[in-house]
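**Student:** Handing you this structure, nothing more for now.
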Amino acid sequence: MFTEIQPKARPLPGLAAGTWATVFIALMLMTSHVEGATAEPSLRLPTTVPPVIGAWFPQEREMVADGYREYLDAAIAHAPFTLLTTTMRCPNRQMVEPAVHDWLKQAVIYAKQGGLGVALEFDPRHSIPTFKQRYPDELQERLWLTEIDLGGSDTVATQVTYSNNHGDAIAGVDATGMRLERVYSYVRTGSAAIDAGSVQDITATCTPGQATRNTLALTVPSAGGRKACVIVRVTFDYPSVFGPHLIAFEAETMRQYADVPLAGAMKDEWGFPAAHDGNPTKNGYWFSRHQAEAYAKLSGGRELVRDSLLMWLGEAGREAERQAAVNQVMELHRARCSEIEQAFYRTTKEVFGATAFVGTHDTVFPYPDAREFE
């Protein structure tokens, strides 16, 4: 909630209060003379200056005939806004649905008649079921790393649980499945880092057990004095940031709205699924087959799964490699998200015109603090 602060009126330096009042009245009379004594004051600035932006989040209860009028009538009558960044908040509806298109079109026309432009959000998160149906192998994944001790009896039974909650106002993102990706056995050095020469891939000797959407049971052969890192692959109902059809899907959705008189387009918090604690244990790494391929190309053939262990726990004598891996992952994220944003900008101008507004409502990541790990 915003609180309006009323500044205290005070005269300009060198002018007494009475003199300032006289100047103010004179200016008002001059303005009235120029604009006409009977001119009605306007709430809005002219279109020749940057827009005054308000936010509109249509809810499910508004998605009925003329349901947009309550909010828009209030904004038209009482707010100085000239542009509304508009993001649908209806999790059971999709932007690609003809009925949603038609409702938004009528709302945009109504807003425009009242002097308000609308910049509509176009984001695949608003159409996840359709994206998933078309591209089931282009969903966002994550590597989740868990360390276990291999001492004890002949085998070690463990259960890996994915407990990180994700989501934002558009898409609540929970794990939908887990599967074993890799298991590495190793010895810790005196400095607590991994002895690089001791790392062994023991995945083939491990036996996965029952799996749910966020748990995986596993049996691992014991080995005195050694530990193991179990790496599971978590899947989400969320478009993969590195999915090769992501940009085209978004552009197709925007072109579906080419007949709507929009003032522009915007994005709301796009990126990897928001995990607001920043994963303080640093044991989760965004992943997909396409991201792994991009990482291998950038790093000269390195493997993202293997390097996730290096990045998480570190290995004695490989500090420079670890730093390089971290930097390459972060650079990969930056470059891909920049590619998506640039494509979004170009498509907006192509579909809605050279003067169309393009903007973001960026409130989640990246922040320049511990959470930028995500």
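The values are calculated or read from the model by the stated rules, or taken from the named source; none is laboratory data. Treat the numbers as computed from the prediction; the structure is a model and nothing was measured. Cβ atoms come from the backbone with ideal geometry, glycine included; neighbour counts cover every protein chain shown. Accessible surface is based on the protein model in full, side chains and every heavy atom, while ligands, DNA and RNA are left aside. Shrake-Rupley method; radii C 1.70, N 1.55, O 1.52, S 1.80 Å.
**Student:** Given the protein chains as shown and a 1.4 Å probe, how many square angstrom of Glu70 are accessible, to the nearest 10?
**Tutor:** 130
**Student:** Among the lysines, which have Cα under 28 Å from the Cα of Lys112 when same-chain residues fewer than 8 positions away are ignored?
**Tutor:** Correct list for Lys112: Lys267, Lys349.
**Student:** For Lys227, give me every one of the lysines with a C-alpha distance below 28 angstrom, ignoring sequence neighbours fewer than eight places off in its own chain.
**Tutor:** Lys227 reaches Lys282.
**Student:** Also, quick follow-up: Net charge near Glu350, counting Lys/Arg +1 and Asp/Glu -1 over other residues with Cβ under 14 Å of its Cβ? Each step should come with its number before you reach the end.
**Tutor:** Working: positive: Arg255, Arg346, Lys349; negative: Glu250, Glu252.
The answer is +1.
**Student:** Using a Förster radius of 45 Å, what is the FRET efficiency between Leu43 and Glu331 based on their Cβ-Cβ separation? Nearest 0.05, please.
**Tutor:** Working: r = 46 Å, r/R0 = 1.02.
Plugging the Cβ-Cβ distance into 1/(1 + (r/R0)^6) gives 0.45.
**Student:** So, in Å, what gap is there between the alpha-carbon centers of the stretch 154-199 and the stretch 299-322?
**Tutor:** Comparing the Cα centres of the stretch 154-199 and the stretch 299-322, I get a distance of 15 Å.
**Student:** Turning to a different aspect of this structure: Run the simple label-point estimate for Gln210 and Ile53 please: 7 Å along Cα→C-beta, distance reported in nm.
**Tutor:** 5.0
**Student:** Rounded to the nearest Å, what's the spacing between the alpha carbon centres of the stretch 209-232 and the stretch 119-150? Just the number, please.
**Tutor:** Cα centroid of the stretch 209-232 versus Cα centroid of the stretch 119-150: 24 Å apart.
**Student:** Excluding same-chain residues fewer than 8 positions from Lys132, which aspartates and glutamates have a Cα within less than 19 Å of its Cα?
**Tutor:** Within the straight-line cut-off, Lys132 pairs with Glu97, Asp123, Glu141, Asp168, Asp174, Asp237, Glu250, Glu252.
**Student:** Under 18 Å from a point placed 7 Å out from the Cα of Glu350 along the Cα-to-Cβ direction: which residues of the stretch 103-141 have their backbone N that close?
**Tutor:** 122-124
**Student:** May I pose another question? Counting Lys +1, Arg +1, Asp -1, Glu -1, what net charge surrounds Gly278 among other residues with beta carbon under 13 Å of its beta carbon? Don't jump to the answer; show the numbers that get you there.
**Tutor:** Details: positive: Lys282, Arg371; negative: Asp277, Asp369, Glu372, Glu374.
Summing Lys and Arg as +1 and Asp and Glu as -1 gives -2.
**Student:** If R₀ is 45 angstrom, what is the calculated FRET efficiency for the pair Ser222 and Ser338, using the beta carbon separation as r and rounding to 0.05? Write out the running numbers ahead of the final one.
**Tutor:** Numbers: r = 47 Å, r/R0 = 1.04.
Calculated transfer efficiency: 0.45.
**Student:** Want the number for Thr161 to Ala65: 0.36 nm per residue separation, take away the alpha-carbon distance, what's left? Don't skip to the end; give the middle numbers.
**Tutor:** Values: separation 96, 0.36 × 96 = 34.56 nm, distance 4.52 nm.
Contour length minus Cα-Cα distance gives 30.0 nm.
**Student:** Can you tell me, using C-alpha contacts under 8 Å and at least 6 residues apart, the relative contact order of the stretch 203-278 as a whole percent?
**Tutor:** Details: 27 pairs, mean separation 12.9, N = 76.
Dividing the mean separation by the residue count of the stretch 203-278 yields 17 percent.
**Student:** Restrict the search to the stretch 127-162; then list the chymotrypsin sites (Phe, Trp or Tyr not before Pro) that DSSP places in a loop and that have at most 11 other Cβ atoms within 10 Å of their Cβ.
**Tutor:** Sites meeting the loop and neighbour criteria: none at all.
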